[in-house]
1. Using only the alpha carbons of the stretch 97-246, what is the convex hull's orientation-averaged projected area in square nanometres?
2. Given points 7 Å out from each Cα along the Cα-Cβ axis, report the Glu191 to Glu126 separation in nanometres with one decimal.
3. Taking only protein heavy atoms into account and a 1.4 Å probe, give the accessible area per residue of the chain in Å².
4. Skipping prolines and chain starts, which residues have an amide H placed within reach, meaning under 5 Å, of the one on His201, given they are 5 or more residues away or on another chain?
5. Counting DSSP beta bridges with both partners in the chain, what percentage is antiparallel, nearest 5?
6. Taking 51 Å as R0, compute the FRET efficiency from the Cβ-Cβ separation of Asp87 and Val136 and round it to 0.05.
7. Under a Cβ-only charge scheme (Lys and Arg +1, Asp and Glu -1), can you give me the dipole magnitude of the stretch 1-135 about the Cα centre, in debye to the nearest 20?
8. Please check: in the Gaussian network model of the chain (C-alpha springs, under 10 Å), which one of Asp87, Asp71, Asp18 has the largest mean-square fluctuation.
Amino acid sequence: MKAAPEAQKRLLDLAELDSVIDRLAHRRRTLPELAEIDEQSKRLARLVTQVIEAETEAGDLAREQTKAENDVDAVRTRADRDQKRLDSGAVTSPRDLAGLQSEIASLQKRQGDLEEVVLEIMERREAADSKVTDLVAQRDEVAATRAAAEDRRDAALTEIDKEAGEVRGRRAAVAGEIPADLLKLYDKLKEQYVVGAAMLHGGRCQGCKVALSIAEMNSIKAAPHDEVLRCEECRRILVRTPESGL
Ligand SMILES: [Zn+2]
């Protein structure tokens, strides 16, 4: 392939701009915020589940407490009713009176036992409620941390995309100065080797850093200026400049 030496030199400008574009794309993919957001998302998912579990437990205990309190009320109502009958003087037979008194005593004992149950549930419920409060606070804090990281990520991406847009504009202008067949070869090589063209600098290919042999240097010296050369080692387009050591 033939191309004017000036067009070949523009390939080096193109390679420089492409490396900036690649660096920006790499920065875009490896923003520290992305790992942080990922980490916080996992923590958030765990906390959301834990909050649901804790709320379910607290809800169960609330229902259990209501049920136990209703049991206490039922026993108390029965004891009150018995007490009223006793106080009314309507029951006169000693046997019935004794039976009534014994029932009141047993209902009072039962009420005491049930009140113990209510207290025990209330304690468990208090612990469950405070666990919910604690987990909700943790969940909200992690959500806020993640949102802040998302804002920082978005700001960084906007910045990178703005810079990349400018560099791509400059790349397009440079590419416009390069003959189509040379540009096509460059783009193909770039796709294959990341860097499509390299300078021959002091007898060394800047693409693979390998020093050319005397024979290779001699053959390059003999080559016409518009001949498009390739590095024998890395196959990139080798661009001659005054610093090539020829
Ligand atoms: Zn090379």
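1. Averaging across all directions leaves 18.9 nm² for the Cα convex hull.
2. Result: 7.2 nm between the two label points.
3. Result: 61 Å² of accessible area for each residue.
4. The list, which skips near neighbours in sequence, is Gln206.
5. Percentage antiparallel, nearest 5: 60.
6. Calculated transfer efficiency: 0.50.
7. Dipole of the stretch 1-135, to the nearest 20 debye: 500 debye.
8. Fluctuation is largest for Asp87.
The values are calculated or read from the model by the stated rules, or taken from the named source; none is laboratory data. Note that this is a predicted model, so its numbers are computed, not measured. Glycine gets a Cβ as well: all are built from the backbone with ideal geometry, and neighbour counts include every protein chain shown. Surface accessibility is based on the protein's heavy atoms, side chains included, excluding ligands, DNA and RNA. Shrake-Rupley method; radii C 1.70, N 1.55, O 1.52, S 1.80 Å.
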